[in-house]
Amino acid sequence: MDAAITIARRDGLDSLSMRRLAEELGVSTMAAYRHVAGKDTLVDDVLEAALGGMDHHSGEDTWQEQIAELAQRSYEVFLSVPGLADHLHGRALSRPGIVQWLEALARPLAEAGISEEDRVGFVPSLIWQLRGAARLDAEWSETLQSLEQVSAGGAEDAPITRGGREELGDREASDLFTAAIQLLTDGLASRVAV
């Protein structure tokens, strides 16, 4: 598994293959297949190792702070393996390490007495935010260039978008992620306070 994670971190999860794994290990491709059923299983194994291997505990006091801490750790894991966010989907969600990660995201909400209905809505929203933020981070410089082109082009039909680049200033994609998590937790806090 270490060799697969090394390849994924270095070259991206999409570049991981049974052939590449075998080369990294110095064995034949058929030898690799004796240990892993195929590429889909290998990708799911890396996903599970990355998310299941992170620290799932928070030392923060409030559920909002706990969620922010776990979300930040998750974001860092997503960034450490290029393409990881693109592979977090149905089949992988039943893996024990990923279930532990999902439990860690839901636990502060449950312990705070937030209803199952609200948890079921919040946790997927948090995961979608994580996935989107990881993609945005990978495309950040292109995003800024596009916004600069819109601003410079004087697109009269897009006054709000034109101001977007200036509004971002020197912020990074990670700053937007932190702000988005704050918005999500503030929204849920205001919903459950009613």
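The values are calculated or read from the model by the stated rules, or taken from the named source; none is laboratory data. The structure presented is a predicted model; accordingly, all values stated were derived computationally and were not measured. A quick note on method: Cβ atoms are made from the backbone with ideal geometry, for glycine too, and the neighbour counts reach across all protein chains shown. Heads up: the accessible areas ignore ligands, DNA and RNA and are worked out on the full protein's heavy atoms, side chains in. Shrake-Rupley method; radii C 1.70, N 1.55, O 1.52, S 1.80 Å.
Which residue is farthest from the chain's Cα centre (by Cα), if the candidates are limited to the range 144-159 and must be open to solvent by less than 40 Å² (accessible area, probe 1.4 Å) and modelled with pLDDT of 80 or more?
Start the filter on the range 144-159 by keeping residues that are open to solvent by less than 40 Å² (accessible area, probe 1.4 Å), which leaves 144, 147, 154-155, 158.
If we keep only those that are modelled with pLDDT of 80 or more as well, we get 144, 147.
Working: 144: 21, 147: 24 Å.
Checking each candidate, the answer is 147.
So is residue 186 touching a residue at least 12 places away in the same chain (Cβ under 8 Å), out of contact with any Asp or Glu (no Cβ under 9 Å at 6 or more places or on another chain) and not aliphatic (A, V, I, L, M) or not? Yes: the conditions hold for residue 186. Hey, any hits in the range 77-91 for a residue that's of a type outside the set (A, V, I, L, M), in contact with a Gly (Cβ under 7 Å, 6 or more places away or on another chain) and in a helix (DSSP H, G or I)? For the range 77-91, residues of a type outside the set (A, V, I, L, M), in contact with a Gly (Cβ under 7 Å, 6 or more places away or on another chain) and in a helix (DSSP H, G or I): absent. Criterion applied to 109, 79, 93, 84 was being within 27 Å of residue 189 (Cα to Cα) and either crowded, with 17+ Cβ neighbours inside 10 Å or of a type outside the set (A, V, I, L, M) (or both), and the one residue passing it is 109.
One line per residue, one yes/no per condition, for (1) closer than 26 Å to residue 47 by Cα; (2) part of a helix (DSSP H, G or I); (3) open to solvent by 40 Å² or more (accessible area, probe 1.4 Å); (4) touching a Lys or Arg at 6+ places or on another chain (Cβ under 6 Å):
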{"site": "99", "(1), (2), (3), (4)": "yes, yes, yes, no"}
{"site": "104", "(1), (2), (3), (4)": "yes, yes, no, no"}
{"site": "123", "(1), (2), (3), (4)": "yes, yes, no, no"}
{"site": "126", "(1), (2), (3), (4)": "yes, yes, no, no"}
{"site": "131", "(1), (2), (3), (4)": "yes, yes, yes, no"}
{"site": "178", "(1), (2), (3), (4)": "yes, yes, yes, no"}
{"site": "186", "(1), (2), (3), (4)": "no, yes, yes, no"}
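Count of the range 39-61 residues, restricted to those that are in a loop (DSSP other than H, G, I, E, B) and either at pLDDT 90 or above or buried (at least 17 other Cβ atoms within 10 Å of the Cβ) (or both), is 7.
Among the conditions (1) outside any helix (DSSP H, G or I); (2) at pLDDT 95 or above, residue 36 misses just one, which is (2). Of all residues assigned to the range 165-183, at least one qualifies as being modelled with pLDDT under 95, more than 18 Å from the chain's Cα centre (by Cα) and farther than 30 Å from residue 62 by Cβ.
The residue pairs whose first member lies in the range 38-58 and is more than 18 Å from residue 127 (Cα to Cα), whose second member is modelled with pLDDT under 95 and surrounded by fewer than 14 Cβ atoms within 10 Å (Cβ to Cβ), and whose beta carbons are closer than 8 Å, counting only pairs six or more residues apart or on different chains, are 40/91.
Just one of the numbered conditions (1) surrounded by 13 or more Cβ atoms within 10 Å (Cβ to Cβ); (2) over 14 Å from the mean Cα position of the chain (by Cα); (3) under 27 Å from residue 136 (Cα atoms); (4) in contact (Cβ under 8 Å) with a residue 40 or more places away in the chain is not true of residue 65: (4). Entry remark, the range 1-16: residues being modelled with pLDDT of 90 or more, surrounded by fewer than 17 Cβ atoms within 10 Å (Cβ to Cβ) and not in a helix (DSSP H, G or I) number 1 in total. Within the range 106-121, the set of residues being assigned to a loop (DSSP other than H, G, I, E, B) and among the aliphatic types (A, V, I, L, M) comprises 112, 114.
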